[in-house]
């Protein structure tokens, strides 16, 4: 399943919400407090605020409709900043729905904590940004994933525990509000790592009296532990198919022998094995149809890993490396498993020295290169369901990261370049640092630095025909020729 995964925003026939671009007229009113159904007590500090970009109520409805329709017909709003609310100092997005109608993220708070400091938010087209609140007793939280249909958000809240913090997973829907995901018996921490398309099934991990254990959650069953592979003492849930019937993760024990697994209700948990000479499978994901598993496998020394692809027919197969290199990670997979994206080592310098790649059966592993003026770092953060578009971040001339969009026809392009030159969006003062893409490939989201110097999330609707079509295919910067050296596991992952 594409996690970020890895998109159509408001249409012209509902133009009021479209007036959120900095380059367009913006009408703002103070955030409206909403009372919604749910079982979270008032002391949970549940704060739902929606920013409605509308004119004053004294404006006649007929005059407003005439004005808005006229302006919207001439200007389509493409770029929408997600302004912080309720005293927040910034926003950061983490996930986008399959059609780009919803995103999840965090409204950042001021002050330093040894945990992410903020409150989860949910943004939906036509409705704006809503804070989801916190579970009772929590001091901070993050919005981590939104379901493919855009109706469910999951994340985690943090609770003080002496000098440390514990984390609890939550699930949010409009009807039910914010609810805690129960722990497995004997546990004190849990998290959710994947969610089905409709949000009805989740995979995650929880502390338990029997050991840290992967679980599958549904509303009917709650979290159910998946157990361990034979001879192992813990398991971690990492990915889920679109329909929730296939789960993937890893199961291991202290020391070598951490093996990837595939779980189904009929077959239970089965190991996928290792590449020759390797003893650890990590960072597993599964295609939307549940047929292909990807990840990275390492040796017992934890050094340079290799991306892999697994099917029932082929077993585990290594994807290799970029020319002259010795480390690759598979992080994204298309809906049918035919396209894989990830990152490869291109220099012995970390964290710099990475290059995003795209793999197909016919073409093998191909580096995506870097934005012009870069040449030392690019990373894939999201991919469309058909594998034809990849979004991420690349180094830029000023050494700051810059969001990019890669397509089969144009190669790697700066998102800023696309918005400014193709769509006439005014991005004066903005730096766009990272990008994710919706499954249908029509909407980008990410975060950057706004003109006020704050971190701020944004959404860009590219479903409309650009005003200025770029004809020439851009040429990514070729990676430098370097000598590869052996590095520790932490330095290559």
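The values are calculated or read from the model by the stated rules, or taken from the named source; none is laboratory data. This structure is a prediction, so every number in the text was calculated from the model and none was measured. Because the Cβ atoms are built from the backbone with ideal geometry, glycine has one as well, and the counts that use them run over all protein chains shown.
The conditions of being outside any strand (DSSP E or B) and buried (at least 21 other Cβ atoms within 10 Å of the Cβ) are met by residue 290. Taking the criterion of being within 19 Å of the chain's Cα centre (by Cα) and part of a loop (DSSP other than H, G, I, E, B), the residues of region 132-154 that qualify are 132, 147, 148, 149, 150, 151, 152.
Checking each residue in region 220-255 for being surrounded by fewer than 16 Cβ atoms within 10 Å (Cβ to Cβ) and over 24 Å from the mean Cα position of the chain (by Cα) picks out 220, 221, 222, 224, 230, 231, 233, 253, 254, 255.
So which residues in region 234-262 are in a loop (DSSP other than H, G, I, E, B) and at pLDDT 95 or above, if there are any at all?
241, 242, 243, 244, 245, 246
Can you find a residue that is crowded, with 24+ Cβ neighbours inside 10 Å, outside any strand (DSSP E or B) and on the phi < 0 side of the Ramachandran plot anywhere in region 122-131? Within region 122-131, one or more residues are crowded, with 24+ Cβ neighbours inside 10 Å, outside any strand (DSSP E or B) and on the phi < 0 side of the Ramachandran plot. Report whether or not residue 387 is within 30 Å of residue 311 (Cα to Cα), under 19 Å from the mean Cα position of the chain (by Cα) and part of a strand (DSSP E or B). No; evaluated as a whole, the condition is false for this residue. Among residues of region 185-195 being over 14 Å from the mean Cα position of the chain (by Cα) and surrounded by 21 or more Cβ atoms within 10 Å (Cβ to Cβ), the one that is nearest to residue 238 (Cα to Cα) is 190. For region 162-184, the criterion of a residue being assigned to a loop (DSSP other than H, G, I, E, B), closer than 24 Å to residue 331 by Cβ and under 17 Å from the mean Cα position of the chain (by Cα) is satisfied by no position.
Scanning region 429-446 for residues that are assigned to a strand (DSSP E or B) and over 15 Å from residue 405 (Cβ atoms) yields a count of 1.
Among the residues examined, residue 358 does not qualify as at pLDDT below 95, closer than 18 Å to residue 327 by Cβ and buried (at least 22 other Cβ atoms within 10 Å of the Cβ).
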